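Written out below as structure tokens is the structure these notes cover.
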Amino acid sequence: MVRLGSRRAADEGLRLGTVRRPPRGVPKADFAKLDYYDVWLPNLAPTAELVAMALGSRDERSWKAFERRYRAEMKRSEAARVLDLLAALSHQTNLSVGCYCEDESRCHRTILRALLAERGAEIKA
């Protein structure tokens, strides 16, 4: 799990951007070069409504409400199939899943980590 735009680790593999929108003001050709992502996967990003909910989360109760709703979104067939694919691929190659959020503890990528682990993904610290 990585913050998009952060310096890449030597062994992180393909960087996946699980964000609703590409980085503003950055030409598409520079996304990978500037350490944002190699592949954009917006179908694993929370909906705009849920992003607003997460950003407004000020306590554990509101964060848990966000987590329940995001997990429900990830149960939809398209997202679930992508999660299953990433979990399977994690045993063959290194992948990094990322978002723009500075605080991973209040970011959907923490929940993605759990969802991938629940599917048997190989997750490195």
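The values are calculated or read from the model by the stated rules, or taken from the named source; none is laboratory data. Please read all numbers here as calculations on a predicted model, not as lab measurements. Every residue, glycine among them, receives a Cβ derived from its backbone with ideal geometry; neighbour counts consider all protein chains shown. Quick note on the areas: whole protein, heavy atoms, side chains included, nothing else; ligands and nucleic acids left out. Shrake-Rupley method; radii C 1.70, N 1.55, O 1.52, S 1.80 Å.
So what does Ile123 come to for accessible area, using a 1.4 Å probe and Å² rounded to 10?
70 Å²
Which of the three applies to the range 73-121, rounded, prolate or oblate, going by the alpha-carbon gyration tensor with a ≥ b ≥ c and a/c under 1.5 meaning rounded?
Oblate is the answer for the range 73-121, as a/c is 1.5 or above yet b/c matches or exceeds a/b.
Could you please state, rounded to a whole Å, how far the C-alpha centre of the range 61-101 is from the C-alpha centre of the range 31-45?
Cα centroid to Cα centroid, the span is 15 Å.
Given a 1.4 angstrom probe, what's the average accessible area per residue across the chain, in square angstrom?
Accessible surface, normalised per residue, equals 60 Å².
Output the Cα-based Rg and Dmax of the chain in Å, rounding Rg to one decimal and Dmax to a whole number.
14.0, 40
Tell me the accessible surface of Asp11 in square angstrom (1.4 angstrom probe, heavy atoms of protein chains only), to the nearest ten.
Counting only protein heavy atoms, the figure is 100 Å².
What is the magnitude of the charge dipole of the chain about its Cα centre, with +1 placed on the Cβ of each Lys and Arg, -1 on the Cβ of each Asp and Glu, and no other charges, expressed in debye to the nearest 20?
280 debye
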